[in-house]
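Remarks on the structure that follows.
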Amino acid sequence: MNGELLRIIDGIHRDKDISLDILFGALEDALASALRKHMGTQEDISVTIDRTTGQMNVEGTDEPIDPTSLGRIAAQTAKQVIIQKIREAERDVIYRDYEARVRDIVNGTIQRTEGGNVIVNLGKTEGFLPRREQVREENYRVGDRIRCYVVDVKKAGSNVKIILSRSHPELIRKLFALEVPEIAERIIETKALAREPGYRTKIAVYSVDSKVDAVGACVGVRGTRIKNIVAELGGEKVDIVRWSDQHDIFIANALNPAEIEAISLNPRARLARVIVAEDQLSRAIGALGQNVRLASKLTEWDIDVMSQQELDGELDKMKKVLCKLPGVGDKTISKLFASGFSMKKLATTSMDSALTVEGIGKETAERIINCASEYVSEERAKARQARAAAAKAAQAEAEGLAEQTGDAVEGAEEAGAEAPEEAEAEDETKEPEEQVEPEAEPEDTGSEDKPGETSPEQAPDER
């Protein structure tokens with residue numbers, strides 16, 4: 001029996017990766033509990049098992065004990081204690097394993113969904129992908145393979161809760177490290193990253209070795225590396241930006257593919273005014289401002305993109321609105337404009353940024369920010385009203401065209417219906433035409449034959 005016991009413990013140790021000391025300790029506690037249950041006593045009874053021979057020694061009682069004669073109730077008690085100890089040991093092993101993998105990528109299979117949350121089978125345990133960590137544009141189907149970023153690991157009762165994420169920005173960094181060997185070898189560094197999950201990501205890379213092109217290495221031959229990353233992200237666009245320690249160059253690279261004409265920086269407030277051509281304005285701003293927004297996050301500069309025509313009218317606009325405030329004159333407004341502020345930027349800027357302008361106090365800065373916020377809100381309301389009016393006019397025009405088209409179709413149908421009636425009326429009003437009888441041909445008596453012709457009666461005789 002001792003040899004069989006040792007083989008069972010060794011098998012559990014290998015299968016569940018639980019240390020032998022924990023297993024032997026669980027078995028000893030279970031046997032001690034079963035003995036107390038069997039003997040009906042609360043005395044301190046301890047059991048020790050030899051790790052080599054499997055021999056059991058009991059302390060705290062003088063009676064000889066045979067484990068096989070403890071009875072069903074005692075055996076059930078021992079079983080429950082062993083199961084509980086093994087579950088606790090399994091939980092601790094899983095916790096230690098995945099605690100070391102926090103901020104790393106794990107592979108799994110989607111097992112089921114519960115109330116919008118996705119349960120991922122990780123092999124030994126399950127991962128929890130909450131709704132807040134999911135990408136809205138992705139579809140999670142049972143049985144699909146999935147890669148997730150481990151956000152946190154914590155104990156929850158007798159289980160371990162592993163929080164996963166598909167929307168975390170660091171997931172992009174880890175995917176690049178897997179696909180680009182130069183990043184794992186620290187030849188290429190990922191300096192910064194900005195992401196809007198499911199839509200677009202910008203990542204700034206830098207090569208330590210001047211012979212290695214950071215952007216080209218991340219793209220791969222014919223785009224193989226970046227294609228694998230985009231496929232893993234479900235088609236999310238990824239822009240690879242060349243990092244530079246010169247802020248103006250880095251900002252220009254971050255706004256790609258737009259062509260930049262000029263950049264002016266305010267390092268104290270970290271404001272960047274970018275001038276582009278009129279035809280490059282929409283490209284620099286991006287759909288719903290996405291390109292400039294991600295570029296601002298990537299560079300950690302507040303970027304204001306405008307055309308030269310907008311820049312020329314911005315100072316006049318600021319003077320027209322802000323000169324009404326007490327203590328704000330042309331000189332103060334010129335300083336604000338030279339520092340990179342516009343009406344939109346003043347509406348969203350912080351108090352500390354406004355105070356970086358020389359000669360502006362706290363009260364004046366507060367008045368300027370409030371005035372700019374009101375102005376921008378009014379302009380946006382006017383723009384919404386204009387769009388609503390334009391949409392209403394377009395709808396009315398479309399309805400008018402549809403009505404005209406309907407009238408034309410009805411008129412054509414009525415005309416088509418009247419045409420057969422008119423044709424029938426014309427047929428009825430027409431007079432019947434006189435029929436001309438053909439002239440009667442003269443009767444052939446057959447008494448006289450024409451010269452040169454042979455009568456039928458004469459033909460046989462002549463032949």
Q: May I ask for the distance between the Cα centers of the range 1-55 and the range 196-216, given as a whole number of Å?
A: 57 Å
Q | Reachable lysines, given that their alpha-carbon falls under 22 Å from the alpha-carbon of K85 and they are not under 8 places away in the same chain | A | K16, K37, K124, K154, K155, K161
Q. To the nearest 0.05, how large is the calculated FRET efficiency for S244 and A184 if R₀ is 22 Å and r is the Cβ-Cβ distance?
A. 0.40
Q: Work out how much length A381 to L401 would gain on full extension: take 0.36 nm times their residue separation and subtract the Cα-Cα distance, in nm to one decimal.
A: 4.2 nm
Q: Could you list W301, W243 in order of exposure, starting from the residue whose Cβ has the fewest other Cβ atoms within 10 Å?
A: W243, W301
(Q) Using the crude model of +1 on Lys and Arg Cβ and -1 on Asp and Glu Cβ, and no other charge, please compute the dipole size for the range 169-243 relative to its Cα centre, in debye to 20. (A) 160 debye
Q.
So if each residue of separation counts as 0.36 nm, and I subtract the Cα-Cα distance between A262 and K124, what length gain in nm does that give?
A. 44.0 nm
(Q) Could you tell me the calculated FRET efficiency between A338 and D213, based on Cβ-Cβ distance and R0 = 41 angstrom, to the nearest 0.05? (A) 0.60
Q | For the range 114-158 and the range 358-389, distance of Cα centres in Å | A | 44 Å
Q | Listed residue pairs exceeding 18 Å between alpha carbons, taken from K191/K345; K174/K202; K320/K362; K319/K344; K202/K227 | A | K191/K345; K320/K362
Q.
If amide hydrogens are placed 1.01 Å from N in the peptide plane, which non-local residues have theirs closer than 5 Å to the one on K191?
A. A204, V205, Y206
**Q.** Residues L281 and K154, FRET efficiency given R0 of 60 Å [Cβ-Cβ distance, rounded to 0.05]
**A.** 0.80
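Can you tell me the length gained on complete extension of the stretch N370 to N139, counting 0.36 nm per residue apart and subtracting the Cα distance?
78.8 nm
Quick note: the coordinates plus some simple rules give every number you see, no bench work behind them. As the structure is a prediction and not an experimental result, all values here were calculated from the model. For neighbour counting, all protein chains shown are included, and Cβ atoms are generated from backbone atoms with ideal geometry for every residue, glycine included.
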